[in-house]
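A quick write-up on the structure given underneath.
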């Protein structure tokens, strides 16, 4: 920075052109770095959010199957169960002693990629890419794989459970 020599001749206070160009260049570099960091954090956040949505959907599907929906009991209270395969998926029928209707069902539709709780037709999971169920030896097992897609991000989560029948 040029300074005044006191005579008032030939010089004035302020920054030279070179100093202004250097300061502008450094400010541009710092701002570019900050924007790059912001974009990177935003991309990571979207990827993590997609995985969390898949986790939540898979966990909630299994929770609804095990504990039930609304006033209807889930697999945890089942005293007997059977699995029927069909062209589009499977149906897991089970009996609970306290339910008014007596029999409940969980229906997997591969075409619609849904798990539905019957009675009532309550959809407990969407985006179910694969699901399997078995009923044998006094136990019921279910495995659910859920996929979520958010822009360029894709997340798959798989959750399984095995429940013993109650006496």
>> Name the residue that is farthest from residue 157 (Cα to Cα), counting only residues in the range 87-102 that are at pLDDT below 90 and buried (at least 20 other Cβ atoms within 10 Å of the Cβ).
In response: 96
> Of the residues 128, 149, which is modelled with pLDDT of 85 or more, under 21 Å from residue 162 (Cβ atoms) and surrounded by 13 or more Cβ atoms within 10 Å (Cβ to Cβ)?
Replying inline: 128
> Does residue 59 satisfy being in contact (Cβ under 8 Å) with a residue 12 or more places away in the chain and under 20 Å from residue 164 (Cβ atoms)?
Replying inline: no
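Have a look at 61, 155 and point out the one that is out of contact with any helix residue (DSSP H, G or I) (no Cβ under 7 Å at 6 or more places or on another chain), under 30 Å from residue 42 (Cβ atoms) and buried (at least 17 other Cβ atoms within 10 Å of the Cβ).
On the way: 155 fails: out of contact with any helix residue (DSSP H, G or I) (no Cβ under 7 Å at 6 or more places or on another chain).
Among 61, 155, only 61 is out of contact with any helix residue (DSSP H, G or I) (no Cβ under 7 Å at 6 or more places or on another chain), under 30 Å from residue 42 (Cβ atoms) and buried (at least 17 other Cβ atoms within 10 Å of the Cβ).
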> Does residue 84 fit the bill of being touching a helix residue (DSSP H, G or I) at 6+ places or on another chain (Cβ under 7 Å), over 30 Å from residue 153 (Cα atoms), surrounded by fewer than 17 Cβ atoms within 10 Å (Cβ to Cβ) and at pLDDT 85 or above?
Replying inline: no
> Can you name every residue in the range 1-19 that is touching a strand residue (DSSP E or B) at 6+ places or on another chain (Cβ under 9 Å) and either at pLDDT below 90 or in a helix (DSSP H, G or I) (or both)?
Replying inline: 1, 2, 11, 12, 13, 14, 15
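A quick yes/no check of all residues on (1) within 48 Å of the chain's Cα centre (by Cα); (2) over 30 Å from residue 153 (Cβ atoms):
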residue	(1), (2)
15	no, yes
18	no, yes
23	yes, yes
26	yes, yes
31	yes, no
35	yes, no
39	yes, no
43	yes, no
48	yes, no
>> What are the pairs with Cβ atoms under 8 angstrom where one residue, in the range 1-25, is at negative phi and surrounded by 10 or more Cβ atoms within 10 Å (Cβ to Cβ) and the other, located anywhere, is in a loop (DSSP other than H, G, I, E, B) and at pLDDT 90 or above? Sequence gap at least six, or different chains.
In response: 2/16
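The values are calculated or read from the model by the stated rules, or taken from the named source; none is laboratory data. These numbers come from a predicted model, not from an experiment. Because the Cβ atoms are built from the backbone with ideal geometry, glycine has one as well, and the counts that use them run over all protein chains shown.
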